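Down below is the structure, laid out as structure tokens.
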Amino acid sequence: MRAFTIACLLVALPWQLSAAELVAPETIKATIDAVGGPEKLLKLFRVKERLAVSQDPDAKGSERTSVIEPPNHWWVGTRDRVPTDKEPARFLVWGWALGPLADPAAKLEQLPEIDIEGRPAYGMRVLSVEPPMDMYFDRESRRLTRIDWRKDQHIFSDWRELDGLAYPAKVVGFKPTGKQWYHTEILELQRLEELPAGLLR
């Protein structure tokens with residue numbers, strides 16, 4: 001019996017220890033192309049949003065305007081939240097903007113396909129952030145559906161367009177308990193060619 005058990009373990013071991021499969025370049029390209037192509041991705045932009053940190057899905061929240069250059073800078077007014085607050089949400093914005101997919105230095109690990117609201121979705125694990133960030137994309141449309149990070153889930157919806165770029169304008173965040181803890185809606189989005197006056201990197 002012991003010999004049989006050891007034999008089974010030896011058969012299973014190579015599968016268990018096999019290196020995780022990296023996301024195929026053609027999958028990355030197709031995902032970026034689904035929102036307009038690499039030249040349309042946001043790198044520096046101004047966003048006006050209505051944010052509600054509340055379990056109430058009907059909470060109105062309040063408006064704020066930010067200038068963001070993810071994942072390294074996020075200005076509210078003239079204050080850069082990254083060096084002062086070490087704001088972790090900058091990585092969520094980076095994921096929302098598909099920055100990890102366009103970064104040649106980012107390592108993307110393929111995840112098993114799952115169902116999200118009854119639709120198949122493929123996943124990528126971003127290993128260049130800590131902890132790793134899991135991003136899921138609708139299998140048919142190839143658009144971002146969900147990000148799992150730091151034990152929370154962030155659901156993306158309400159797709160809109162900005163000069164050829166498709167982007168999700170609404171995000172709802174959920175705690176591991178399943179309770180909502182915030183929701184936000186983009187009211188205005190503007191691509192920037194240079195850093196506005198008064199802001200410093």
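The values are calculated or read from the model by the stated rules, or taken from the named source; none is laboratory data. Since the structure is predicted, the reported quantities are computational estimates derived from the model, not experimental observations. Using ideal geometry, Cβ is built from the backbone for each residue, glycine included, and neighbour counts are taken over all protein chains shown. Ligands, DNA and RNA are stripped out before the accessible areas are found, and what is left, the full protein with its side chains, is counted by its heavy atoms. Shrake-Rupley method; radii C 1.70, N 1.55, O 1.52, S 1.80 Å.
For segment 52-201, what does the accessible surface come to per residue with a 1.4 Å probe? Please give it in Å².
Details: 8090 Å² over 150 residues.
So segment 52-201 comes to 54 Å² accessible per residue, rounded to a whole number.
Given 0.36 nm per residue, what is the gain on full extension from residue 44 to residue 56 after removing their alpha carbon distance, in nm? Write out the running numbers ahead of the final one.
Working: separation 12, 0.36 × 12 = 4.32 nm, distance 3.15 nm.
Roughly 1.2 nm would be gained on extension.
Going through segment 155-195, which GluC sites (Glu not before Pro) have at most 16 other Cβ atoms within 10 Å and a DSSP loop state? Walk me through the numbers before you get to the answer.
Working: sites: 161, 185, 188, 193, 194; in loops: 193, 194.
The qualifying sites are 193, 194.
Mind scanning 107/179; 86/151; 48/170; 40/179; 29/151; 60/86 and naming the pairs with a C-alpha gap bigger than 23 Å? The partial results should precede the final answer.
Numbers: 107/179 31 Å; 86/151 18 Å; 48/170 12 Å; 40/179 34 Å; 29/151 28 Å; 60/86 27 Å.
Exceeds cut-off: 107/179; 40/179; 29/151; 60/86.
Please report Rg (one decimal) and Dmax (integer) in Å for the Cα set of the chain.
Cα radius of gyration and Dmax of the chain are 19.4, 75 Å respectively.
Taking 22 Å as R0, compute the FRET efficiency from the Cβ-Cβ separation of residue 30 and residue 194 and round it to 0.05.
On the way: r = 31 Å, r/R0 = 1.41.
Between residue 30 and residue 194 the formula returns 0.10.
Checking the a/c ratio against 1.5 first, then a/b against b/c, what shape does the Cα gyration tensor give for segment 49-104?
Details: a/c = 2.33, a/b = 1.46, b/c = 1.60.
Taking the square roots of the gyration eigenvalues as a ≥ b ≥ c, segment 49-104 is oblate.
If each DSSP helix of 4+ residues adds -39,500 (n - 2.57) and the sum is divided by the residues in the chain, what number results at 222 nm, nearest 500 deg cm²/dmol? Spell out each step's value before the answer.
Details: 5 runs with 42 residues, N = 201.
That calculation yields -5500 deg cm²/dmol at 222 nm.
Tell me, what % of the accessible area of segment 44-201 is carbon and sulfur with a 1.4 angstrom probe?
Values: 4050 of 8400 Å².
That share works out to 48 percent.
Can you list, bin by bin at 10 Å, the percent of alpha carbon pairs in segment 82-201, starting at 0?
Spelled out bin by bin, segment 82-201 gives 11, 41, 37, 10, 1 percent.
Go ahead and collect, in residue order, the members of segment 142-166 whose backbone nitrogen is under 18 Å from a label point 7 Å along the Cα-Cβ direction of residue 86.
It comes to 150-151, nothing else.
Based on alpha-carbon centroids, what's the gap between segment 149-201 and segment 42-116 in Å, whole number please?
Their Cα centres are 6 Å away from one another.
Count the net charge of all other residues whose Cβ sits under 14 Å from the Cβ of residue 151, scoring Lys and Arg as +1 and Asp and Glu as -1.
Values: positive: 146, 150, 175, 179; negative: 130, 134, 148, 152.
Net of charged neighbours comes to 0.
Which trypsin sites (Lys or Arg not before Pro) from segment 22-105 combine a DSSP loop assignment with at most 13 other Cβ atoms within 10 Å? All intermediate terms of the calculation are to be shown ahead of the outcome.
On the way: sites: 29, 40, 43, 46, 48, 50, 60, 64, 79, 81, 86, 90; in loops: 43, 60, 86.
Qualifying residues, ordered by number: 43, 60, 86.
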